[in-house]
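J.: Encoded as structure tokens, here's the structure I'll be asking about.
The values are calculated or read from the model by the stated rules, or taken from the named source; none is laboratory data. Since we're looking at a predicted model, the values are computed, not measured. Cβ coordinates were reconstructed from backbone atoms using ideal geometry, including for glycine residues, and neighbour counts include every protein chain displayed. What goes into the accessible areas is simple: the full protein's heavy atoms, side chains included, and nothing from ligands, DNA or RNA. Shrake-Rupley method; radii C 1.70, N 1.55, O 1.52, S 1.80 Å.
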Amino acid sequence: MKLDLGCGGSPHDGYLAVDNNPLCNPAFLHDLNVFPYPFEDNSVDEILMNGVLAHLDDVMLVVQEMYRITKPMGIWKITVPHYTKSMQNPTHKRGFVKQWWNLVNANHPRKSEKYLELDIDVVKEKYIWMDNASGIFSVMNRVFSTILNYNSLFTDRFLSFWLGGIDNIYFEVVVIKGSPYDKGIAFKKRLMRR
């Protein structure tokens with residue numbers, strides 16, 4: 001089963017739509033701020049969330065619930081607003097940086113600040129300087145996005161401000177849950193995708 005959590009008015013093909021708005025005609029009418037979600041443990045192969053996490057009340061509870069319903073070796077495809085642009089939308093409750101996964105990832109070497117200990121691997125992370133760019137801005141978007149993705153710490157602290165902010169960050173996360181998984185191969189794939 002593949003879920004589009006918080007699909008809004010445009011659910012993606014191949015995914016079951018989950019939303020709290022009946023006008024979207026979702027397959028599952030559910031408020032993502034209400035727990036538990038109406039899915040069994042380890043029942044979901046893939047979760048798509050496009051711009052949804054910034055609107056929800058408790059990101060840690062949402063991620064924990066996503067982890068509960070995702071099968072071992074399941075995939076999350078998540079787009080979130082970067083913190084430099086997140087407050088342009090008055091319904092956003094927060095913005096994000098690439099490093100936020102470190103706070104929930106049991107496999108990340110930094111152990112000092114952990115809110116959750118999820119057995120996950122972030123296999124792709126990409127800054128998107130300007131979402132829906134066209135014309136000359138699409139060329140600028142390709143150039144600036146390439147530069148921004150070179151070093152996330154430098155980007156979050158300096159470059160993002162020099163370029164007027166970053167619209168979004170895209171993540172792909174593998175939910176390992178104790179499955180046989182070669183992080184070395186995943187790391188090599190991550191390098192090839194950049």
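J.: Could you state the number of Å between the C-alpha centres of region 1-77 and region 152-183?
T.: Region 152-183 and region 1-77 have Cα centres separated by 20 Å.
J.: Something else about it: Tell me, what % of the accessible area of the chain is carbon and sulfur with a 1.4 angstrom probe? It would help to have the intermediate numbers written out before the result.
T.: Numbers: 5760 of 10260 Å².
The value for the chain is 56 percent carbon and sulfur by accessible area.
J.: Follow-up question, since we're still on this one. Could you pull out the trypsin sites (Lys or Arg not before Pro) across region 109-177 that fall in loop regions by DSSP (anything but H, G, I, E, B) with no more than 12 other Cβ atoms inside 10 Å?
T.: Here the trypsin sites (Lys or Arg not before Pro) that fit, given the DSSP loop and packing criteria, are R110, K111.
J.: Net charge near V18, counting Lys/Arg +1 and Asp/Glu -1 over other residues with Cβ under 12 Å of its Cβ?
T.: -3
J.: Would you kindly give the portion of the calculated P(r) for region 1-52 that falls above 12 Å, as a percent of all Cα pairs?
T.: 60 percent
J.: Still on this structure, I have one more. Can you tally the net charge around W129? Count Lys and Arg as +1, Asp and Glu as -1, for every other residue whose Cβ sits under 11 Å from the Cβ of W129.
T.: Charge balance in the 11 Å sphere: +1.
J.: For the pairs K2/K126; K85/K126; K77/K177, flag any whose C-alpha to C-alpha distance is greater than 20 Å. Before the final figure, lay out the partial values.
T.: On the way: K2/K126 22 Å; K85/K126 15 Å; K77/K177 17 Å.
Checking Cα-Cα distances, K2/K126 exceed 20 Å.
J.: For region 76-140, place one equal point scatterer on every Cα, skip the solvent, and apply the Debye formula. What is log10 of I(q)/I(0) at q = 0.12, 0.15, 0.27, 0.30 Å⁻¹?
T.: For the requested q values the scattering log ratios are -0.43, -0.63, -1.19, -1.26.
J.: Please compute the net charge surrounding T70, taking Lys and Arg as +1 and Asp and Glu as -1 over other residues with Cβ under 15 Å from its Cβ.
T.: Local charge sum for T70: -4.
J.: Within the chain, what's the longest stretch lacking chymotrypsin sites (Phe, Trp or Tyr not before Pro) that sit in DSSP loops with no more than 14 other Cβ atoms inside 10 Å?
T.: 1-114
J.: Ignoring the sites themselves, what is the longest stretch of the chain with no GluC sites (Glu not before Pro) in a DSSP loop and at most 13 other beta-carbon atoms within 10 Å?
T.: The reported range is 118-194.
J.: Suppose we look only past 22 Å in the calculated P(r) of the chain. What percent of the Cα-Cα pairs does that tail hold? Kindly include the intermediate steps, with their values, before the conclusion.
T.: Details: 9321 of 18721 pairs.
Percent of Cα pairs beyond 22 Å in the chain: 50.
J.: Per residue, what accessible area does region 62-131 have, given a 1.4 Å probe and all protein chains present, in Å²? Don't jump to the answer; show the numbers that get you there.
T.: Details: 3140 Å² over 70 residues.
Per residue, region 62-131 has 45 Å² of solvent-accessible surface.
J.: Right, something else. In the chain, what percentage of the DSSP-assigned beta bridges are antiparallel, given to the nearest 5?
T.: Around 50 percent of the beta bridges assigned by DSSP in the chain are antiparallel ones.
J.: Apply the Kirkwood formula to region 1-111: the hydrodynamic radius equals the inverse of the mean of 1/r over all pairs of different alpha-carbon atoms; give it in Å with one decimal.
T.: 14.6 Å
J.: Give the long-range amide H neighbours of K124: residues separated by 5 or more places, or on another chain, with amide H under 5 Å away, using H modelled in the peptide plane at 1.01 Å from N.
T.: Residues meeting the criterion, in which the H sits 1.01 Å from N, are E172.
J.: Quick one: length gained pulling H12 to L116 fully straight, 0.36 nm per residue minus the C-alpha distance?
T.: Details: separation 104, 0.36 × 104 = 37.44 nm, distance 2.93 nm.
Full extension from H12 to L116 adds 34.5 nm.
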